[in-house]
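Below: the structure, in structure tokens.
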Amino acid sequence: MQADLRPVVVGVDDSPGSAAALTWASADAATRPAPLRIVCAYQWLPSYLPLPGVTIAPELDAGQMRRTAQGIIGRAIERVGAPDPQRAEIRVSGDAVEGRAASVLVAASEDAALVVLGSRHLGAVGSAVLGSVGAAVAARAACPVVVVRGPAGDPVEDARVIVGVDGTDAADDVLRFAFSYASRHRVGLQAVLCWRPDPLATMIWRPEPPVPIQAEARLSEILAGWREQFPEVVVHQVVIRDHPVAGLVAASSAQQLLVVGSRTKQAMLGTLLGSVSQGVLHHATCPVAVLPTG
């Protein structure tokens, strides 16, 4: 396989979610193969107001912040550098970069193959809470972004790549990423098309009608070319009557990776994630890849 010159960028700090992101990113970089760039953003904001005639040396505090970030980078590099006979060696570098974490990682995405982030907290109902950095980077990055929402499923237990298909031309980038990942990691792939649910059936007024044959045929048509391009990938397809967020979150439980596209929309205060990608990032329990599609 030809090496990818663009790095896999992983954002790290001192949180457990960051450690999970580092593990995921290093494993994926080894399969490409591509260099791994570890980035720790730090920002120092003075906690005082300047007073006339008072001299303070803020560079000491700023320097401490920088050294702390460099220490995090050093420990991360040591962890990746640990020998692993199951994984190819990869070139690893690290940078402590001053600035807001989201802005630093969005800038790094300009020449990256992938940006990987962790998720900070687990909510009371078992669903991880997406941090503001993850949402901002996923919305504004120039490359695919993976947020490690939870542990990936075990391939031995038939854990697959789940990819959401919406039947539009934008699905090509999403499917290319999903098939490539499945091929490199030697796992199966399940393409999910969420058909509109029947409200009356939901309210138990009548049985839910079967999914239209046209929807099944359309999904088969969309996947045909990708099956030919990646014959080594075992492909499953399913059309379900459910809202996209609920359907994809349910389908991705205990799976390897959930891949979705994000149609972003401009707003006065910045770029916002599309409703589906935002929804799965808040509720999925496995790693989620978000592809910019428009």
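The values are calculated or read from the model by the stated rules, or taken from the named source; none is laboratory data. Predicted model, so just to flag it, every value in this text is computed and none were measured. With ideal geometry, Cβ positions are generated from the backbone for all residues, glycine too; neighbour counts draw on all protein chains shown. Accessible surface areas use protein heavy atoms only, side chains included; no ligands, DNA or RNA. Shrake-Rupley method; radii C 1.70, N 1.55, O 1.52, S 1.80 Å.
Computed values, structure above
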quantity	calculated
Of residues in segment 134-180 being within 18 Å of R6 (Cβ to Cβ) and aliphatic (A, V, I, L, M), the one surrounded by the most Cβ atoms within 10 Å (Cβ to Cβ)	V145
Residue that is modelled with the highest pLDDT, among those in segment 186-200 that are open to solvent by 50 Å² or more (accessible area, probe 1.4 Å) and touching a helix residue (DSSP H, G or I) at 6+ places or on another chain (Cβ under 9 Å)	R186
Hits in segment 227-253 - residues which are in contact (Cβ under 8 Å) with a residue 60 or more places away in the chain and either open to solvent by 50 Å² or more (accessible area, probe 1.4 Å) or among the polar types (S, T, N, Q) (or both)	H236, P244, S252
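Results for (1) modelled with pLDDT of 90 or more; (2) more than 22 Å from C143 (Cα to Cα); (3) outside any helix (DSSP H, G or I); (4) polar (S, T, N, Q), shown as yes or no for each residue.
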| position | (1), (2), (3), (4) |
| --- | --- |
| G17 | no, no, no, no |
| A30 | yes, no, no, no |
| V39 | yes, no, yes, no |
| P46 | no, yes, yes, no |
| G53 | no, yes, yes, no |
| A62 | no, yes, no, no |
| G74 | yes, yes, no, no |
| D84 | no, yes, yes, no |
